[in-house]
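What follows is a set of notes on a single structure, which appears directly below.
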Amino acid sequence: MAGVFQAVRVSKHVYWVGAIDWALRDFHGYSTARGTSYNAYLVVADKIALIDTVRAPFRDEMIARIRSVVDPERIDVIVSNHAEMDHSACLPHMVELARPERVLASAKGVDALRQHLRLDGDIEAVKDGDRVSLGEAELEFAMTPMVHWPESMVTYLPTDRVLFSQDGFGMHLASGQRFADELDKDLVWHETTKYFANILMPFSRQIVKLLERVGQLQPTPEIVATDHGPIWRKDLQAVIDRYAEWAEQRPTTKAVVVYDTMWGSTAKIAGAIAEGLIDGGASAKVMPLSGSNRSDVATEVLEAGALLVGSPTINSNIFPTVADVMTYLKGLKPQNLIGAAFGSYGWGGEAVKHIDELLGAMKVERVADPVRCKYVPDEDALSACRSLGSAVAARLRQSCEASSVVSHTTGQ
Ligand code: FEO
């Protein structure tokens, strides 16, 4: 009788032998409303290789899927593309179980694995361009540092044109389908965008290098097998193009208005700013933090040209939810944004000044002085907020026009 957990065939030599985490709802601060998967892969040629492993609680599921293809003790080579524990935690057990001839990682990966897992045995460092024969198939390694850890690398299987891209091109999505083209397109693009925004946005320069390196692989990859979510086998160029666009973070006419409110005044200001944005020809994504997670805000900011942040003052400071999202966004280093701070206050009104400083630290170009309204904004105050929205919209349109002129004149 077939076991509960079965491998899924990806290509002639490759099987998916990962695990599905249907229950995960938070991945170090990133809200994973649809769970995730931890993808490990088996390459079955004359020799057998395991590429990455899974998060510790899912070890038995991975081993059962491997066993549905081969006895795990037959694994000859284990490759660790990424030392983060959601992919490396089961490595010591797999080394003990399989006693492979070789365990391979990047030079920094060797250190990271030793420091994380206290592995005693030999781990060999591979360099960019190194190849390891599995007999009728061969693995090729490419270094992709800071996508998104220092030791990150990818592994290519030219015979099958399968790229094992670790976190790159991934998404947090638990599903019964193993391939992106079997899923709803909007869902796939939403989760792909969210993953880039929350995990890869700070490393946009390294993403450009990743794309260059992937472009050098011969023959060109046809399948991208990531460490999270479904595998790409169609729409490959589309996801590569989207990564190139996101890495560039060109200005758009979208403005994100994020705020929280105590008694409704900051919400009124946000609403008035949004009216001005829309009236001025921008699109406004208004995100009250009572109903928006920090990682959803980051997702919207990825494709935005403006960020406007509002908070009431509480105990001389920023509202806690706003402080949370600002700390999170600052770490993600969004580029090329304009913006402004706003909020209501009763006496001190310090929150708006603090937000303005945080926007400055994020290199957001402030297009207006911070807007502060005492207690409840009156009609004049709301009208000024609407004007702020219109001014931001005008700047966004101007930046987009200038950017399209540059593209046109340089033929890009
Ligand atoms: Fe999925 Fe960076 O670990």
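State yes or no: is R25 open to solvent by 70 Å² or more (accessible area, probe 1.4 Å) and free of Cβ contacts under 8 Å to residues at least 40 places away in the same chain? Working first, answer last.
Details: open to solvent by 70 Å² or more (accessible area, probe 1.4 Å): yes; free of Cβ contacts under 8 Å to residues at least 40 places away in the same chain: yes.
Judged against the criteria, R25 is a match.
Return only the number of the condition from (1) open to solvent by 20 Å² or more (accessible area, probe 1.4 Å); (2) of a type outside the set (A, V, I, L, M, F, W, C); (3) within 16 Å of the ligand (Cβ to nearest atom) that Y195 does not satisfy.
Among (1) open to solvent by 20 Å² or more (accessible area, probe 1.4 Å); (2) of a type outside the set (A, V, I, L, M, F, W, C); (3) within 16 Å of the ligand (Cβ to nearest atom), the lone unmet condition for Y195 is (1).
Within the stretch 104-118, how many residues turn out to be open to solvent by less than 10 Å² (accessible area, probe 1.4 Å) and more than 16 Å from the ligand (Cβ to nearest atom)?
Pass one, the stretch 104-118, residues open to solvent by less than 10 Å² (accessible area, probe 1.4 Å): 104-106, 109, 113.
Within this subset, residues satisfying the condition of being more than 16 Å from the ligand (Cβ to nearest atom) are 104.
Number of matching residues: 1.
Do the conditions hold for A267, that is, is it in contact with a helix residue (DSSP H, G or I) (Cβ under 9 Å, 6 or more places away or on another chain), closer than 30 Å to G346 by Cα and assigned by TED's automatic domain parsing to the domain that holds V392?
no
So, in the stretch 1-11, exactly how many residues are surrounded by fewer than 17 Cβ atoms within 10 Å (Cβ to Cβ) and assigned to a loop (DSSP other than H, G, I, E, B)?
The qualifying residues number 5.
Please find, among K185, K234, K209, the residue that is surrounded by fewer than 24 Cβ atoms within 10 Å (Cβ to Cβ), away from the ligand (no atom under 16 Å from the Cβ), modelled with pLDDT under 95 and in the same structural domain as H13 (by TED's automatic domain parsing).
K234
Among A238, A247, which is the only one that is assigned to a helix (DSSP H, G or I) and out of contact with any helix residue (DSSP H, G or I) (no Cβ under 8 Å at 6 or more places or on another chain)?
A238
So, V147, is that one out of contact with any strand residue (DSSP E or B) (no Cβ under 7 Å at 6 or more places or on another chain), within 26 Å of D130 (Cα to Cα) and open to solvent by 20 Å² or more (accessible area, probe 1.4 Å) or not?
No, not satisfied.
Condition first: hydroxyl-bearing (S, T, Y) and under 25 Å from the mean Cα position of the chain (by Cα). Now tell me which residues in the stretch 130-146 satisfy that.
T144
Pairs please, first residue from the stretch 198-213 and more than 21 Å from G331 (Cα to Cα), second anywhere and open to solvent by 30 Å² or more (accessible area, probe 1.4 Å) and charged (D, E, K, R), Cβ atoms under 9 Å, 6+ apart in sequence or on different chains.
Close Cβ pairs (under 9 Å, with a partner that is open to solvent by 30 Å² or more (accessible area, probe 1.4 Å) and charged (D, E, K, R)) amount to R213/D128.
Failed condition for D369, given (1) modelled with pLDDT of 95 or more; (2) closer than 21 Å to N317 by Cβ; (3) not aromatic (F, W, Y), with all others met?
Going through the list (1) modelled with pLDDT of 95 or more; (2) closer than 21 Å to N317 by Cβ; (3) not aromatic (F, W, Y), D369 breaks only (1).
Taking the condition of being in a helix (DSSP H, G or I) and out of contact with any Gly (no Cβ under 8 Å at 6 or more places or on another chain), how many residues in the stretch 266-291 meet it? So that I can check it myself, show each step before the final result.
In the first step, residues of the stretch 266-291 are kept if they are in a helix (DSSP H, G or I); the result is 266-279.
This time we only want the ones that are out of contact with any Gly (no Cβ under 8 Å at 6 or more places or on another chain), so: 267-268, 271.
Qualifying residue count for the region: 3.
Any residue at all in the stretch 21-35 that's among the hydrophobic types (A, V, I, L, M, F, W, C), closer than 23 Å to V162 by Cα and within 16 Å of the ligand (Cβ to nearest atom)?
For the stretch 21-35, residues among the hydrophobic types (A, V, I, L, M, F, W, C), closer than 23 Å to V162 by Cα and within 16 Å of the ligand (Cβ to nearest atom): absent.
Look through the stretch 154-172, keep the residues that are among the hydroxyl-bearing types (S, T, Y) and surrounded by fewer than 24 Cβ atoms within 10 Å (Cβ to Cβ), and return whichever of them is farthest from W22 (Cα to Cα).
The extreme case among them is T159.
Just need a number here: residues in the stretch 212-225 that are open to solvent by 60 Å² or more (accessible area, probe 1.4 Å) and within 16 Å of the ligand (Cβ to nearest atom).
From the stretch 212-225, those open to solvent by 60 Å² or more (accessible area, probe 1.4 Å) are 212, 216, 218, 220, 222; that's our starting set.
Now narrow it down to the ones that are within 16 Å of the ligand (Cβ to nearest atom): none.
Residues flagged as open to solvent by 60 Å² or more (accessible area, probe 1.4 Å) and within 16 Å of the ligand (Cβ to nearest atom) within the stretch 212-225 amount to 0.
Looking only at strands (runs of 3 or more DSSP E) that lie completely in the stretch 12-74, which have at least 2 residues being over 28 Å from D324 (Cβ atoms) and either within 27 Å of the chain's Cα centre (by Cα) or at pLDDT below 95 (or both)?
Result: 14-16, 19-21, 41-44, 48-51.
This table checks each residue for (1) buried (at least 23 other Cβ atoms within 10 Å of the Cβ); (2) of a type outside the set (S, T, Y); (3) within 16 Å of the ligand (Cβ to nearest atom); (4) closer than 17 Å to L134 by Cα.
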site: L42; (1), (2), (3), (4): yes, yes, no, yes
site: V54; (1), (2), (3), (4): yes, yes, yes, no
site: D60; (1), (2), (3), (4): no, yes, no, no
site: A64; (1), (2), (3), (4): no, yes, no, no
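Of the residues that sit in the stretch 67-100 and are within 12 Å of the ligand (Cβ to nearest atom) and of a type in the set (A, V, I, L, M, F, W, C), which one is most open to solvent (accessible area, probe 1.4 Å)?
M85
The values are calculated or read from the model by the stated rules, or taken from the named source; none is laboratory data. Computed from a prediction, not measured in an experiment: that's the story for all the values here. Ideal geometry is used to build each Cβ from the backbone, glycine not excepted, and the neighbour counts take in all protein chains shown. With ligands, DNA and RNA removed, areas are computed over all heavy atoms of the protein, side chains included. Shrake-Rupley method; radii C 1.70, N 1.55, O 1.52, S 1.80 Å.
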